[in-house]
Amino acid sequence: MEKENIRNFCIIAHIDHGKSTLADRLIEATGTLAKREISEQLLDSMELERERGITIKLTPTRMHYNYMGKDYILNLIDTPGHVDFTYEVSRSLAACEGAILIVDASQGVEAQTLANAYLAIENNLEIIPVINKIDLPSAEPDRVKAEIENIIGLSAQDAPLISAKEGINIDKVIEKVICDVPEPKGDESAPLKALIFDSIYDNFKGAIVMIRVFDGNVKVGDKIKMFQTQKVFDVTEVGYFTPRQKPCDILHAGEVGYLTAAIKNVADTKVGDTITNADNGAKEALPGYKSVMPVVFSGIFCVDGSRYNDLKDALEKLKLNDASLVFTPEVSTALGFGFRCGFLGLLHMEVITERIEREFNIDIITTAPGVSYRVFKNDNSMLEISNPSLFPNFGEIVKIEEPIVKLEIYTSPNFVGAVMELCQEKRAVYKDLQYVDSFRVKMSYTMPLAEMIYDFFDSLKSRTKGYASLDYEFAGFQQSDMVKLDILLNGETCDALSLIIHREKAYSRGRAIAEKLKKVIPRQMFEVPIQAAIGGKIIARETISALRKDVLAKCYGGDISRKRKLLEKQKEGKKKMRQIGSVELPSEAFMSILKLDNE
Amino acid sequence: MNDSQMIYVHIPFCKKRCDYCAFVSCTNFQIVEKYFCFLKNEIQSCKYNTKPISSIYFGGGTPSVVDEKYICETLSLIKSKFKIMQNCEISIECNPESTTLSKLKAFYKAGFNRISFGVQSLNEKELLKIGRNQNAVQVKNAMKNALKVGFENLSVDLLLGLEGQTCKSLEKQIEQLNMWGATHLSLYMLMIEENTKLFKNVQNGLYLPLEDEICVQLYDLLFKKLKELGFYRYEVSNFAKNGFICKHNLGYWQMKPYLGFGVSAHSFIDGKRIANPDNFMDYFNGKYNIEKCNQQSLNEEYIMLGLRTIFGVEENFIKNTKQLNLLLQKGIVIKSNSKIRVADDYFGVLNQIILKLI
């Protein structure tokens, strides 16, 4: 197929605006799959993705369509919607020439609509606005069109008005893609240049590498080389997705597809890397994109300590398909053996922990998420520490630096006050405020990453009624007055509950945690003091009074079975508890201290 | 230690079911005759009659509501069928209002030597709210008559946690019972069992049992009071004056073998727990259920039951030594010689302790 008949595009949207449904309709309308083969929301293949209605992994799909007598190949690359996965979006965008921007006909432009639209503009993509859900009684396509023009600055006059759910005007969308999205550029005769935008692991074939061929071509038997690792592989299969894997002979410049090359280690297929020919390869790699860096760290432990190896297995398997997940072994005196894991954000963390519990059936305990600090000691050494329990004695510490991010918030002028207030609460430092136009301001801040990972994004959304979008990038480290907040149960420090926190916030958080723990820890046979302490100084105290009455019932006629049953029941309940010193803690206690802010 | 065994006989008849009761009982007195016929049959056909009998207990229901001849005949059958030890303790549960002088005389003559009165409370108001019609005068008379007839060992059941109960009233009740000749007291907590009238009443807000914390405070105070009066706790819920520990009760907790006769009665024979059916139809058809226990759970039972008593359990039966040491450190359990027992203050959370040790 000629390049001029290929269109590579993605769909971007705010969560719930109908991205996956439109993808399904496109697949259906192009006859890529028969209707009966389409189970709802095809592209979200992970159970968790379907259940939550979010997209996490990317799935490129090749579709064929005849328009005005010509056959076209349409390559659709799905994208995730949540800010945690912004990097995944940018990956898809780099493989495309155009993007369908879906906007809900009643909700209008939302935070992620904006954020994704700007990402697409940055990537020089042709954007096709599409207004979805016009079948809803609350649909206001004209207002939404005006919003798109005013807030984003895109012409929306001939945006297709569609209902992905009802299958209305789907063909208009396809025509727009064919007419408006530019054909891929690229030189078929030049050395191979293919961008890796994702990879998944297959037990039989090894890594399945998803690529966009920019120059040259690739076929079975080719010797290829990864630019970053310089490793060489023999291509064993090339093909595309329908969305099932379908092998083909060759992938040409401009095409999107996959290759396998008996790559046993997913780490060798770094997302963003360029593949070229092993001999006479391209001189320069494609401009990749920012490599992904974990920003949120948390300890993961098994409720049943004997399942450590299962947990290890689970993490390794998840890592095969998710290079952004990092983990190293960790030992906690309270929780035993586990792993310190790095995530892209809180949602990523939630997704991973849920998958461990669901797909691998392991009950886990997750400790409070935190970031990685630079700790300078008085012996002139510097440690990077993400685990509060590994912090040296505060007497040995000269200074602590915490990671900060450069934050840009786009919002309506109406919400400037609300955003400023929120940022102040989060220790952010104001840098700049610009009116982009009369409908939009850009506010710039630097903010400690630790503050952002808690619930900043959710708070921002709720305080701006969704009319804010957020972009951030890592901006180095800054010295901060951080302290280690310890929680003592019955006089013993529980390392798994320790936190690193800014001194100004330590007091109120210590108190809040103690209060919260009092609610979640069941009464024990003795009084249990819960204390919060900074460097040995107690700053808050709560007491769980002792459990004194359990049961003293009559035993009739030598019938001990009732007593046995009661005991068995109580025994079951015990299994879910963790023994910390002499205190029994339910596993939710560790997570409950995270959710303080939401109450 | 287990060269003797005990006998329990269940008399499942009651004039009226109490609101809190979740046990097998029957208010239809037309089947009394038939019931005792089957009961005697069961006793007669029992194969386990080689070991001598150290205690016999007639419980219910209310054994005192049926004609005394049934009770006396049954006891005499047992005496003829089994070898009864010289100092055998023979108890019968009685309801004060149905316990007449003539009945007491008959019981004494038949060989009963201990009476357990189901009193629950001396306060009429407290009793009415749980569906019991009885007053302090009836209790006083019944106890007086029992002493008159010759009984020396009188036990009284009391319930703790009743709506309206106060420490003062309870202390006074115990003083009175002591004065009237009680030698043994069982102090049970009111349990709100599903499928009882009381359960519904509690759910509908018509009955307000005392809160746990208040029950505990009452218990602590009563514990002191009882000690003053010479009642010592020998088991979680049971208090006795010197020499009046209930052998039968203690036997349950020390895993003594026992034979249970009658509907819903349980037996513990040859390390096996056996239960009779809890409905009359099956009982009259002679169907008995057998529950088998493996050795591990017998070990668990030994701990679970033994810890209920102040005599405790042998330390080497407790496998979870780490937990044991922790509990010893905290003074929750106490070690003397090679025995482990629960400290007085912690009997209320016995189950929690047991769970840690099994």
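A short reminder: the numbers here are calculations on the coordinates, not readings from a lab. These figures come from a predicted structure and were not determined experimentally. Cβ coordinates were reconstructed from backbone atoms using ideal geometry, including for glycine residues, and neighbour counts include every protein chain displayed.
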Once phi for every residue in the range A:430-440 is put through the Karplus expression 6.51 cos²θ - 1.76 cosθ + 1.60 (θ = phi - 60°), the whole-Hz ³J(HN,Hα) values, with Gly and Pro written as x, are 5, 10, 6, 9, 10, 7, 6, 7, 6, 9, 9
Expressed as a whole number, the average count of other chain Cβ atoms within 10 Å around the Cβ atoms of A:560-570 is 4
Classified through the alpha carbon gyration tensor (a ≥ b ≥ c as square roots of its eigenvalues; rounded if a/c is under 1.5, else prolate when a/b is larger than b/c, else oblate), chain A comes out prolate
Rounded to a whole number, the Stokes-Einstein D of the range A:451-565 in µm²/s (Kirkwood radius over Cα pairs; 37 °C; 0.692 mPa s) is 182 µm²/s
Neighbours of residue A:266 by Cβ distance under 10 Å: Lys/Arg at +1, Asp/Glu at -1, summed charge +1
So for the range A:315-451, using the alpha carbon gyration tensor with a ≥ b ≥ c as root eigenvalues (a/c under 1.5 gives rounded; past that, a/b versus b/c decides prolate or oblate), I'd call it oblate
Sites removed, the longest contiguous part of chain B containing no DSSP-loop trypsin sites (Lys or Arg not before Pro) with at most 11 other Cβ within 10 Å is B:48-286
Between the residues A:336, A:397, A:407, the Cα farthest towards the positive end of the dipole of chain A, that dipole coming from +1 and -1 charges on the beta-carbon of Lys, Arg, Asp and Glu, is from A:336
So, over other residues within a Cβ distance under 15 Å of residue A:3, counting Lys, Arg +1 and Asp, Glu -1, the net charge is -3
In the range B:1-98, the chymotrypsin sites (Phe, Trp or Tyr not before Pro) that sit in a DSSP loop and have at most 15 other Cβ atoms within 10 Å of their own Cβ are B:48
Averaged over residues of B:315-328, the number of beta carbons from other chains lying within 10 Å of each residue's Cβ is 1
Taking every residue of B:350-357, the Cβ atoms of other protein chains inside 10 Å of its Cβ average out to 5
Restricting to Cα pairs under 8 Å and 6 or more apart, the percent relative contact order of the range A:290-420 works out to 26 percent
Taking alpha-carbon centroids only, the range B:224-290 lies from the range A:380-396 a number of Å equal to 62 Å
Residue separation between residue A:376 and residue A:250 times 0.36 nm, minus their alpha-carbon distance, gives in nm 39.9 nm
Chain A: relative contact order from alpha carbon pairs under 8 Å, six or more residues apart, as a whole percent, is 10 percent
Averaging 1/r across every pair of distinct alpha carbons in the range B:5-253 and inverting yields a Kirkwood hydrodynamic radius, in angstrom, of 18.9 Å
Surrounding charge for residue B:338, neighbours by C-beta under 13 angstrom, Lys/Arg +1, Asp/Glu -1, total +1
Length-normalised contact order of chain B, Cα under 8 Å, at least 6 apart, in percent, tallies to 15 percent
Chain B: longest segment with zero exposed GluC sites (Glu not before Pro), where exposed means DSSP loop plus at most 15 other C-beta atoms within 10 Å, is residues B:1-151
Among B:298, B:332, B:321, the residue whose Cα sits farthest towards the positive end of the charge dipole of the range B:298-339 (+1 at Cβ of Lys and Arg, -1 at Cβ of Asp and Glu, taken about the Cα centre) is B:332
In chain A, whole DSSP H helices that both stretch 30 Å or further along their axis by alpha carbon positions and average at least 1.6 on the Kyte-Doolittle scale are none
Between residue A:99 and residues 5 or more places away or on another chain, the pairs with built amide H atoms under 5 Å apart involve A:10, A:126, A:127, A:128
Over chain A, the sum of -39500 (n - 2.57) across DSSP H runs of at least four, divided by residue number and rounded to 500 deg cm²/dmol, gives at 222 nm -7000 deg cm²/dmol
Those GluC sites (Glu not before Pro) from the range A:207-292 that are DSSP loop and have at most 15 other Cβ neighbours within 10 Å turn out to be A:284
Everything considered on the Cα gyration tensor (a ≥ b ≥ c; rounded for a/c under 1.5, else prolate if a/b is larger than b/c, else oblate), the range B:176-273 must be described as oblate
The rounded separation in angstrom of the Cα centers of the range A:202-252 and the range A:151-179 is 33 Å
